[in-house]
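The values are calculated or read from the model by the stated rules, or taken from the named source; none is laboratory data. Note that the coordinates shown come from a computational prediction; the quantities given were computed from them, not determined experimentally. No Cβ is skipped: glycine too gets one built from the backbone with ideal geometry, and neighbour counts run over all protein chains shown.
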Amino acid sequence: MYQNYLFEQTGWISLPDGALYWQPRFIEEHEASALFDVLSQKLPWQQLPIKMYGREVLQPRLQAWFGDCSYTYSGLILSPASLPPFLEQLKSRCEQVSGTVFNSVLANLYRNGQDYMGWHQDNEPELGPTPSIASLTFGESRRFVLKHIHTGEKREFELGSGSLLIMAGKTQSYWQHTLPKTAKMKGPRINLTFRNII
Ligand SMILES: O=C(O)CCC(=O)C(=O)O
Ligand SMILES: [Mn+2]
């Protein structure tokens, strides 16, 4: 079974061994576009290396990290850095919807359709067993796919500017996710993922 969520539904979506919240128009268009400009100019974007098959390669995207604690992500140690004030308001808006608190944010900048994020689970021990991760999109829309690790069942979203997708419950234990490359002409997309590091 393959289900697409484009722009129709808002609210909690139950899925086997997990839960998602989807609000395609969480931030209205003008505000999202203004936030894209602020984020692209103000965040300290870096292209960080990761180890792949024993070799150091640059990640196919830029990133910035803010949080009280350091965070080990894909073998990278991201050092603590305090949350910029202009992210505090977005953080509390995401907290209200998710009903959880966040103390950190990983920001991703996909420069074009060739930038991507491979299949992974955000299941680092410091996120706890049932983390809520709130993901906001600004700029270009991109396809986002989830796949159940045992059944192979998939869910697919077109993450447009201003959309909010929350992965909650056991989602990170049972579902992998990816933001695939695309051959389509794509401008830049910024993604903020709010997390709570224990
Ligand atoms: O860009 C996205 O929507 C996904 C980002 C993601 O999965 C992550 O930062 O762990
Ligand atoms: Mn992720």
Looking at the structure I just gave you, is residue 97 part of a strand (DSSP E or B), surrounded by 15 or more Cβ atoms within 10 Å (Cβ to Cβ) and not basic (Lys, Arg)? no
Hey, can you tell me all the residues within the stretch 136-189 that are closer than 18 Å to residue 15 by Cα and in contact with a Cys (Cβ under 9 Å, 6 or more places away or on another chain)? 164, 166
Restrict the check to the stretch 74-94 and report whether at least one residue is more than 15 Å from the chain's Cα centre (by Cα), away from ligand 1 (no atom under 15 Å from the Cβ), in a strand (DSSP E or B) and aliphatic (A, V, I, L, M). yes
Step by step: first the residues of the stretch 110-129, then only those that are of a type outside the set (Gly, Ala, Ser) and away from ligand 2 (no atom under 15 Å from the Cβ), then the one that is surrounded by the fewest Cβ atoms within 10 Å (Cβ to Cβ). Which residue is that? 125
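Can you work out which of the residues in the stretch 13-32 that are aliphatic (A, V, I, L, M) and surrounded by 20 or more Cβ atoms within 10 Å (Cβ to Cβ) is nearest to residue 139 (Cα to Cα)? Don't jump to the end; show me each part of the working.
Within the stretch 13-32, the subset aliphatic (A, V, I, L, M) is 13, 15, 19-20, 27, 32.
Subset that is surrounded by 20 or more Cβ atoms within 10 Å (Cβ to Cβ): 20, 27, 32.
Values: 20: 22, 27: 12, 32: 8 Å.
Checked the stretch 13-32; the qualifying residue nearest to residue 139 (Cα to Cα) is 32.
Which residues, taken from the stretch 1-45, are among the polar types (S, T, N, Q) and at pLDDT 95 or above?
So in the stretch 1-45, the residues among the polar types (S, T, N, Q) come out as 3-4, 9-10, 14, 23, 33, 40-41.
Once the filter is applied, which keeps residues that are among the polar types (S, T, N, Q) and at pLDDT 95 or above, the stretch 1-45 yields 23, 33, 40, 41.
State yes or no: is residue 62 more than 28 Å from residue 129 (Cβ to Cβ), surrounded by 12 or more Cβ atoms within 10 Å (Cβ to Cβ) and of a type in the set (A, V, I, L, M)? Reasoning before the result, please.
On the way: more than 28 Å from residue 129 (Cβ to Cβ): yes; surrounded by 12 or more Cβ atoms within 10 Å (Cβ to Cβ): yes; of a type in the set (A, V, I, L, M): yes.
Judged against the criteria, residue 62 is a match.
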In the stretch 159-198, what residues are within 13 Å of ligand 1 (Cβ to nearest atom), basic (Lys, Arg) and over 13 Å from the mean Cα position of the chain (by Cα)? 181, 186
List the strands (runs of 3 or more DSSP E) inside the stretch 112-196, counting only whole elements, that have at least 2 residues being farther than 20 Å from residue 96 by Cβ. 117-120, 142-148, 154-159, 175-179, 189-195
Residues that are farther than 19 Å from residue 188 by Cβ, more than 12 Å from ligand 2 (Cβ to nearest atom) and not polar (S, T, N, Q), drawn from the stretch 130-156: 147, 148, 149, 150, 152, 153, 154, 155, 156
State which residue is modelled with the highest pLDDT when the search covers only the stretch 54-71 and only residues that are assigned to a loop (DSSP other than H, G, I, E, B) and either more than 14 Å from the chain's Cα centre (by Cα) or more than 16 Å from residue 107 (Cβ to Cβ) (or both). 60
